[in-house]
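Below is one structure, written out as structure tokens, with a few remarks after it.
The values are calculated or read from the model by the stated rules, or taken from the named source; none is laboratory data. Bear in mind that the values here come from a model prediction, so they are computed numbers and not experimental data. Please note: Cβ atoms are built from the backbone with ideal geometry, for glycine as well, and neighbour counts cover all protein chains shown.
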Amino acid sequence: MSQSGPERVVRFRVRGLDCAEEVALIEDELGPVVGGKERLGFNLVQQELVVTLPPGVEPEHLIQRLDALGLKAQLLAQAQPGQELPLNWPWRQMVLTAVSGVCWAAGVGFHVWDQGAMASETPRWIWQRLDLPAPAAGFYLAAVLVGLAPLGPKILAALRHLRPDMHLLMTVAVAGALLIGEWFEAASVTFLFALSLTLEAWSVVRARRAVASLVEMVPPEAELLQPDGSTRTVPAQEVEVGQVFVVRPGQRIPLDGVVVQGHSEVNQAPITGESLPVEKQPGEEVFAGTINGQGQLHVRCTATSSQSTLAQIAHLIAQAQTQRSDVEQWVDRFARRYTPAVMSTAALFPLVGVGVLGLSWAEALYRALVLLVIACPCALVISTPVTIVAALTAAARQGVLVKGGQFLEATGSLRAIALDKTGTLTTGQLRVVEVVPMQELSAREVLRWAAALESASTHPLAAAVVQYAQEQGVDSWPRPARYENLPGRGIIATLDGKTYWIGSHRLLEERTRETPQVHQLLQRLAADGYTVVALGREEELLGLITLADLPRTEAPQVITQLRHLGIEHLVMLTGDNQPTAQAIAKKVGLDTFYAELLPQDKVHKVQELVDRWEKVAMVGDGVNDAPALALATVGVAMGAVGSDLAIEAADVALMSDRLDRLPWLITHARRALAIIRFNIAFALFVKALFVLLALAGYSSLWLAIAADVGASLLVTVNALRLLWNHPQ
């Protein structure tokens, strides 16, 4: 084994990694091998172990150590982001649980039959230790051995490391019950404990299944276009960037790409959560997993199957599950203190019970065994991560990518929100609002001359004017004979032997004698937040064209919804000028705004908000606003489809340009937090209740484990309800 070389990070899929108890076992077993527990990372929902390997340690050695614990490990170091992995349903655990249950039922049957009709004995045969018939004893013992069979390696590891985990606690409780003659109790506890492990493993796989379903929406094959125009069906992972594939009507799109031929409407709900199909034409992006409409499309691949937007979403959700929220960390800290406390109480209770309460040794020992059963904190520990992954997956289905449980938790407790203007509260695209003709010209004529001048420019204002002219049916114009670009002012060109110009207010003042009426009109339009382009010929003003980055249609309603949700402070931050900022703020219903801000100014404003309100979200485009997004408690990126930088910069990415996803996310996060709090409170209540019942002698071994199983199942099902959380 080489002792040199760089450190490397490898991933393992570990079957049976379902609870905090397995985490503790692995930390004790592998921590000394790799140089410390801090080199180990766990994802219970994905059943993944991430290890930072020091030089000289090979993955195969760790796999052998995990096998010795009864945990089957598979190296996933070469897995690609978003790659689907086996779900590993707990078939062996399910079969052994079923066999243990059958043996337990058979033992109960023989036991009841031997003692007479249940009606005549009432349930006294459960509570009193009676002489067992041989068949009943045999079936009870078989139920115990089969139910505890999967725990053998874990029990030995717990003994070797002197860590009394739940597996060892349960084994001691069962062995103690057998020694004092409570064979029915021992078999009942074993079967119910095995059932709880099976339900726990099922809930983890169910949560993983919800994430995997995102990737499964992508078809495994693509129809690759051949040079002769024919198509050839190939696995999607074999299609390379730049190759063209065909998507027929009604098919799911197998890869991310750009349309090169054809028109259709595409259902993008898997990516953006939008309910209405989006029209696609040449030059526009499409995404893997979305559904083509009635037209046939030829698409040029822009990302391999493992790097598609949907695959990256699934990968980021998996990464997010390793980002633990404050409430998850609290549960872990509580469990680490709770279990030793209950165990110590159980160990001391026989002495107290006999010496103080006057109990017999058998009764005192029995109550101590019940406390050992209650000491298992797994129901408390597993409920929180299952809730988090269900909430993250439900959000992804609605086009909202949350990068970790801590950001989901913070979103549910926001007090202030800062919103960028361009691309957030507005569409981010300049549009012509009005054409004001002069000199007895028509609006169409003004557009024709303006388009002729602007058609050679790449400026966003020029593109907006040309696009509007085309939309109004102006599709032809003269080509300029002489063209001169005036930076910061506009354009001068010769058309039909005359000099035409188009540009800013400054250019207008240079080329003509501006009348007081025109000056007042320009001031009024600027105050309303419009950008004004002036068109002239020689020294004549031919017309004015007003443009604006219009507010999103849903923006005023979203601001109202955020206020109804109790957000105490809403503010707009923009680098635009004061009049434009004031006009947009008024239209969307914001009273507070700051204009003419540089990126560093936005950072200062966000810092001021954090200092005052603590829980603050910054909503921006994820690129120019990256510093402010990083500083806020929660950074939210708008329109992050296809933008790796936007996803990296933000804690939350709204995968569509729908601002109404923001109030939905806050409501969703609050619902998730409410479920987490209920699950924790309910699990603690059940534990506390049965601790008191056990100390008072009113609980039995099988009743305690039955209550624990019921609590585990209830909190898990309660958490999975989030998978069906849809926007209202």
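Among Ala456, Ala450, Ala379, Ala416, which is the only one that is modelled with pLDDT under 80, more than 27 Å from Leu310 (Cα to Cα) and in contact with a strand residue (DSSP E or B) (Cβ under 8 Å, 6 or more places away or on another chain)? One residue alone meets the criteria, Ala456.
Once segment 473-487 is narrowed to residues that are in a loop (DSSP other than H, G, I, E, B) and touching a Leu at 6+ places or on another chain (Cβ under 9 Å), the residue that is farthest from Leu430 (Cα to Cα) is Ala481.
The residues on offer are Arg661, Arg721, and the sole one that is at pLDDT 80 or above and surrounded by fewer than 16 Cβ atoms within 10 Å (Cβ to Cβ) is Arg721.
Which of the residues that make up segment 546-588 are in contact with a Lys or Arg (Cβ under 9 Å, 6 or more places away or on another chain), farther than 23 Å from Gly635 by Cβ and buried (at least 16 other Cβ atoms within 10 Å of the Cβ)?
Just the residues of segment 546-588 that are in contact with a Lys or Arg (Cβ under 9 Å, 6 or more places away or on another chain), to begin with: 547-552, 554-556, 558, 565-576, 580-581, 584-585, 588.
Of the ones still in play, those that are also farther than 23 Å from Gly635 by Cβ are 547-548, 550, 556, 580.
Scanning segment 546-588 gives Leu547, Ala548, Leu550, Thr580.
What do you reckon, is Glu484 without any contact (Cβ under 8 Å) to a residue 12 or more places away in the chain, under 21 Å from Leu507 (Cα atoms) and in contact with a strand residue (DSSP E or B) (Cβ under 9 Å, 6 or more places away or on another chain)? When the stated conditions are applied, Glu484 passes them.
How do the strands (runs of 3 or more DSSP E) wholly within segment 492-567 filter down when requiring 2 or more residues that are over 42 Å from the mean Cα position of the chain (by Cα) and of a type in the set (Phe, Trp, Tyr): which remain? Steps first, answer last, please.
Details: elements: 498-503, 531-537, 540-551.
In segment 492-567, the matching strands (runs of 3 or more DSSP E) lie at 498-503.
When segment 420-475 is limited to residues that are under 37 Å from the mean Cα position of the chain (by Cα) and hydroxyl-bearing (Ser, Thr, Tyr), the one that is farthest from Val606 (Cα to Cα) turns out to be Thr427.
Does Leu570 satisfy the criteria of being assigned to a strand (DSSP E or B) and over 30 Å from Gln439 (Cα atoms)? Don't jump to the end; show me each part of the working.
Working: assigned to a strand (DSSP E or B): yes; over 30 Å from Gln439 (Cα atoms): yes.
Answer is yes for this residue.
Pull up segment 427-472, narrow it to residues that are of a type in the set (A, V, I, L, M, F, W, C) and assigned to a loop (DSSP other than H, G, I, E, B), then point me to the one that is nearest to Gln517 (Cα to Cα). Applying the filter and picking the extreme gives Met438.
Any residue that is modelled with pLDDT of 85 or more, among the polar types (S, T, N, Q) and either in contact with a helix residue (DSSP H, G or I) (Cβ under 8 Å, 6 or more places away or on another chain) or assigned by TED's automatic domain parsing to the domain that holds Ala394 (or both) - is there at least one of those in segment 632-650?
To start, the set of residues in segment 632-650 that are modelled with pLDDT of 85 or more comprises 632-636.
Now drop any that are not among the polar types (S, T, N, Q), which leaves 633.
Then keep just the ones that are either in contact with a helix residue (DSSP H, G or I) (Cβ under 8 Å, 6 or more places away or on another chain) or assigned by TED's automatic domain parsing to the domain that holds Ala394 (or both); that gives 633.
Checked against the condition, which is being modelled with pLDDT of 85 or more, among the polar types (S, T, N, Q) and either in contact with a helix residue (DSSP H, G or I) (Cβ under 8 Å, 6 or more places away or on another chain) or assigned by TED's automatic domain parsing to the domain that holds Ala394 (or both), segment 632-650 yields at least one hit.
Please state which one of Arg721, Arg658, Arg671, Arg677 is over 28 Å from Ala368 (Cβ atoms) and in a loop (DSSP other than H, G, I, E, B). Lay out the reasoning, then the answer.
Numbers: Arg721 fails: in a loop (DSSP other than H, G, I, E, B); Arg671 fails: in a loop (DSSP other than H, G, I, E, B); Arg677 fails: in a loop (DSSP other than H, G, I, E, B).
Residue meeting the stated conditions: Arg658.
Would it be correct to say that Leu713 is at pLDDT 80 or above and assigned to a helix (DSSP H, G or I)? No. Here segment 603-626 is the region considered, the condition is being modelled with pLDDT under 90 and among the small types (Gly, Ala, Ser), and the residue that is surrounded by the most Cβ atoms within 10 Å (Cβ to Cβ) is Gly620.
Only a single item in (1) surrounded by fewer than 18 Cβ atoms within 10 Å (Cβ to Cβ); (2) of a type in the set (Gly, Ala, Ser); (3) under 46 Å from the mean Cα position of the chain (by Cα) is not met by Ala416, and it is number (1). Among the criteria (1) at pLDDT 85 or above; (2) basic (Lys, Arg); (3) in the same structural domain as Pro150 (by TED's automatic domain parsing), the one Arg206 does not fulfil is (1).
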